Every structure is written in structure tokens, then in C-alpha cells.
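Only one structure is covered here, and it is reproduced in the block below.
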Amino acid sequence: MSNNLIILPIIIPIISGLVMIIIRNHTRLHRIISILATVLIGLSAVLLLEQIRESGVQILYLGGWEAPFGITLVADMLSALLVFVTAIVTFCCLWYAFSSIGAERERHYFYPLSLFLIAGVNGSFLTGDIFNMFVCFEVMLVASYVLISLGGTKIQLRESIKYVLINMVSSFLFLIAIAYLYGMLGTLNLAHLSVRVAEAGQGGLMTAVAFLLLIVFSLKAALFLFFWLPGSYSAPPAAIAAMFGALLTKVGIYAIIRVFSLVFYHQLGTTHLVIGILAAVSMVLGAMGSVAYWNIKSIITYNVVVGVGFILAGFASFSEAGMTGSIYYLIHDMIAKALLFLLGGTIINITGTGKLKEMSGLIRLQPHLGWMFFIASLSVSGIPPLSGFIGKVFITEGTFQSGYFWLGAIGLLTSLMVLYSVMKVFMSAFWGYTDVKEVTENKSIRGLLMPIGVLTAITIGLGLGAEVIHEYVDLAVAGLLDPNIYIDAVLQDSLIGWGR
């Protein structure tokens, strides 16, 4: 039975964004509408989570056309969890933007563009076919093209050109992969693709298409192919960079997890080994970048790359423990990376610079900010009892169980490098004698600290109260390890007599 609730996380931000475009000059209304939209998305995700927990995977056949012939939206436990966390992150980033983004960007459609971005993100999580995944990617990317250049500073324009060109290439490759898939299998529905690949066998050409999709998704997720990310994510203001770092790379990660657990899971020694190697290289290069730089933005953006590698290291193991760790760490990473970007933006707002060697002693001026940064630093490093610890333990266990001892060891080593990189920021920015001008001491950042405080509380809560989401994570892992749960929910009896 179709569940119309599934489409709400997609149409709520679209309708809200269109309304805001009509009332362009009412900034206060834009703020209210954008916050209400994220709250409604979060509520709809909570309802979906409970329905999935009680009744299994939820489906919506748009226009009444059943799979695989029509457009299908699918909400399983993994996608619903990601939609819910997306709503939380967006809420806090928009709240932070109220006090930081500036009137000029607000007048030039910052809030509607942010909601269009979220519509694309949620659509990518909820779509049931690979062509509409491409469409949702493009909705998300078009909004991000404008957001990354909004304000028109020199660095934004320079980095936006690189960002747009890279994504145009990856979108072109995505279309080629989709064309090959349709030509070989005659369908684009993810559940039906899984059935057809199982029937045809994942031979040489099929594996080649799988690797082409891996290249596309790796560009989106910054898995090894992350050369564009440090500059692009450093260019926009903190509120926009936080949404990018927390959400956009996670869409690429989700695509890899979904496609390589549902469709191309037959050659684990080939596809998943390559994913593991790419994850290891990403962790090492990202950690090296975060250690080498003495600029807050560069350190945080390179830590995004490390997080991507760590999440997919657990997935590459394709074990229950590894997958559990990946989902825990994926949820943690969305919260923690948004938190780090907002903290970094606040430090730059106070000091007027991102260079660590030009700041010190902020703990005297802003003790709350300092200790929240300390907590965030421990969290991203995987120090107990914060949210990053549980995911790292499960991922390491999963890699060892699968015989990927080298991958688990690299994860542990790079965790130490991440700890060094973020503590370097903490010691440089907050310890020592302050050299910040006296006028800065009186600068009010209350509006910036409140959303940061919410995210800090969540990362503490995820660590101390992990059992609260344990049942949901277990259901998500079960759905990934057994593709038939997803397939049976989507196809039901519609393919009887159609070669299933």
C-alpha cells in the first residue's frame, strides 16, 4: 500500500522555497518559513521511522504506476534516518545563518536555495530508481552552484568554476552509466536492477559499469577523488559550508552504500575491495592534509575527507559489525561536521582570520565556544563517550572480522592524526594570551552559539544514549545485508510473469 507521507520531505522544501521566491523582500518571513519547513520535514521523518519500525519498508508509487514501470519512492530505515538527521542539521545551519549570513545574501534567495538543496538531498535518499537519483542529484547541485557563489567574492567565484566543472563531468559520466544499465538490463528501478543483475550475473561488463558508477559517486562523496573539495568547501560562509560538508558528501556515500549493497553485491572481492582501498587512501591523504595545514577552514575540510573514508571502510568490510559502525558513524559525521564548520566560522567571525598563528587566548573571551570546540574535537576523533567512538569501534571490529586488518589499522592511525589536527586548532586559538582587539571582547555571538550548543548536545547525546537509536540502526543494517527485504517491499507481486 502506498504511503503518501514519503513525499513530504521532498515537496515541503520545494513549496516553501517557491513561496519565499514570491515574497522576496520579506526576510523575516523567509526565516520563519525556512525554520517551519525543516521542523515539518523532521516530523514527517519521525513518523516514517516509526511506521518503518512497525510495518517495514514504506513505498509510494507516484501516479499509481507500480514498480518497475513508474516512479517509485522508497523509505527504508537507512533513508528515513538520513532524512531525519538532514532536517536537524539544516535547522541548526539556518538558525546560525540568521546572525551570520548577511542581509545581502538573504535578499538574494539564500533561504529558498537552501530548501531546494534539501529537496534534492532528501529526494536522493528516498528515490527508488537510479534515473531519479540522477535528477535529485542535479536539483541539489544546481542549488549548490548558486549557494557556493552567493556573495560574489573572488575566492567564491574561483572555486565555484572548479566545483561546477567537476560536477558537470561526473553528471555526464552518471548518464553514460545509466544508459549502459538500461541497455543491458532494460530497467532503472533499483529493486528490479537487483533482480536482473542476479539473473544475468555480475560479469565483466556489468562490473565495469559498477566501477563507472563508483567513479561518479566517489566524485560526489569525495572518496579519493576529493581534489575539488578543500577549496570549494572553504569558499562560502560558514552556514553554507556546514550544509555542504554535512550533507552533500553524504549523498554520495548513501549512493555507494545503496547501489553496492542492493545491486552490485555479487563480487565482494572486487568491488568492495576497491571501495576499501579508496577508503584507506582517502583517510591517509585527508589526515595528512588536516595535519599539514595551519588554517581552520583547510583543517576542517580535510577532516571531511577522513570521515568519508572511515564510513566506507566499514561498508567495504560488508560485515554486520562494519555496517553497523558505518551507519552510526554516518549519523555522527553529519552532526559533527556541521558542528565543526559552524565552530570554525564563529572563530573566524571573532578574530577576523582563519590562520591559527594569528590568534590565541579566545578561551578568556568566549569560554563556552572554547569548550564546545573541545567537545567537538574529541567527538570527531572518536574519543569515548562521545558519538564518534561507537561507530569507530564497530567499524574497526568489522574490518578485522573481514580480514581487512590493514584497513582497520589505517583507521586507527588516522584517528590519532585527526585528534592532533583538531587539538592543534584548540590549543592555538583558545590557549595562551589573547591578542584579539578589545572591541571583539564585546562582540555578541549569542545568536551563533545557540545552534552550536544544540549540535554539541546532540553529539554528546548520541554517545551517551546510543541505545536509543540502536534498534533503528539494527533494522537499517538488516535491510542492507539482505537485499530481498527491499526488493520484496518494492516489487511485491508486480513482476509475476515478468521474469523476476
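The values are calculated or read from the model by the stated rules, or taken from the named source; none is laboratory data. Quick caveat, the model's predicted, so the values are computed rather than measured. With ideal geometry, Cβ positions are generated from the backbone for all residues, glycine too; neighbour counts draw on all protein chains shown.
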Practice problem: Filter the range 89-102 for residues that are of a type in the set (A, V, I, L, M) and over 12 Å from the mean Cα position of the chain (by Cα) and give the result. | Solution: LEU94, ALA97, ILE101
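Out of the residues in the range 58-78 that are in a helix (DSSP H, G or I) and more than 23 Å from the chain's Cα centre (by Cα), state the one that is surrounded by the most Cβ atoms within 10 Å (Cβ to Cβ).
Of the residues in the range 58-78, the ones in a helix (DSSP H, G or I) are 62-64, 77-78.
Next, from what is left, pick out any that are more than 23 Å from the chain's Cα centre (by Cα): 62-64.
Details: LEU62: 14, GLY63: 7, GLY64: 7.
Checked the range 58-78; the qualifying residue surrounded by the most Cβ atoms within 10 Å (Cβ to Cβ) is LEU62.
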Quiz item: How many residues, within the range 132-163, are part of a helix (DSSP H, G or I), crowded, with 18+ Cβ neighbours inside 10 Å and hydrophobic (A, V, I, L, M, F, W, C)?
Solution: 10
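Return the residues of the range 19-57 that are in a loop (DSSP other than H, G, I, E, B) and in contact (Cβ under 8 Å) with a residue 60 or more places away in the chain; say none if nothing qualifies.
First, pick out the residues of the range 19-57 that are in a loop (DSSP other than H, G, I, E, B): 23-26, 56-57.
Answer for the range 19-57, where residues must be in a loop (DSSP other than H, G, I, E, B) and in contact (Cβ under 8 Å) with a residue 60 or more places away in the chain: ARG24, ASN25, GLY56, VAL57.
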Quiz item: Applying the selection to the range 4-39, what residues are surrounded by fewer than 18 Cβ atoms within 10 Å (Cβ to Cβ) and under 22 Å from TYR61 (Cα atoms)?
Solution: ASN4, LEU5, ILE11, ILE15
Practice problem: Among the residues of the range 87-124, write down those that are surrounded by fewer than 22 Cβ atoms within 10 Å (Cβ to Cβ), of a type outside the set (Ser, Thr, Tyr) and either at positive phi or touching a Cys at 6+ places or on another chain (Cβ under 8 Å) (or both). | Solution: GLY102
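Here's the yes/no breakdown for (1) in a helix (DSSP H, G or I); (2) modelled with pLDDT under 95; (3) surrounded by 20 or more Cβ atoms within 10 Å (Cβ to Cβ); (4) among the charged types (D, E, K, R):
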{"residue": "VAL308", "(1), (2), (3), (4)": "yes, no, yes, no"}
{"residue": "ALA313", "(1), (2), (3), (4)": "yes, no, yes, no"}
{"residue": "SER326", "(1), (2), (3), (4)": "yes, no, yes, no"}
{"residue": "LEU330", "(1), (2), (3), (4)": "yes, no, yes, no"}
{"residue": "THR346", "(1), (2), (3), (4)": "yes, yes, yes, no"}
{"residue": "LYS357", "(1), (2), (3), (4)": "yes, yes, no, yes"}
{"residue": "ARG364", "(1), (2), (3), (4)": "yes, yes, no, yes"}
Quiz item: Could you give every pair whose Cβ atoms fall below 6 Å, whose first residue belongs to the range 82-99 and is in contact (Cβ under 8 Å) with a residue 60 or more places away in the chain and part of a helix (DSSP H, G or I), and whose second residue is buried (at least 24 other Cβ atoms within 10 Å of the Cβ) and among the aromatic types (Phe, Trp, Tyr), counting only separations of at least 6 or pairs across chains?
Solution: LEU82/PHE125; VAL83/PHE125
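Identify all residues within the range 285-306 that are over 20 Å from the mean Cα position of the chain (by Cα) and assigned to a helix (DSSP H, G or I); write none if there are none. Talk me through it step by step, then tell me what you get.
So in the range 285-306, the residues over 20 Å from the mean Cα position of the chain (by Cα) come out as 288-289, 291-296.
Within the range 285-306, MET288, GLY289, VAL291, ALA292, ILE296 meet the criteria.
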Exercise. Take GLY42 and decide whether it is surrounded by fewer than 24 Cβ atoms within 10 Å (Cβ to Cβ) and touching an Asp or Glu at 6+ places or on another chain (Cβ under 9 Å).
Key: no
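Run down ILE176, ILE166, ILE257, ILE215 and say which single residue is part of a helix (DSSP H, G or I) and within 30 Å of ILE452 (Cα to Cα). Reasoning before the result, please.
On the way: ILE176 fails: within 30 Å of ILE452 (Cα to Cα); ILE166 fails: within 30 Å of ILE452 (Cα to Cα); ILE215 fails: within 30 Å of ILE452 (Cα to Cα).
Answer to the selection: ILE257.
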Practice problem: Give the residue, chosen from ALA221, ALA191, that is crowded, with 23+ Cβ neighbours inside 10 Å, closer than 23 Å to ILE300 by Cα, touching a residue at least 12 places away in the same chain (Cβ under 8 Å) and out of contact with any Cys (no Cβ under 7 Å at 6 or more places or on another chain). | Solution: ALA221
Self-check item: Of all residues making up the range 194-211, the number that are touching a residue at least 24 places away in the same chain (Cβ under 8 Å), exposed (fewer than 15 other Cβ atoms within 10 Å of the Cβ) and not in a helix (DSSP H, G or I)
Solution: 1
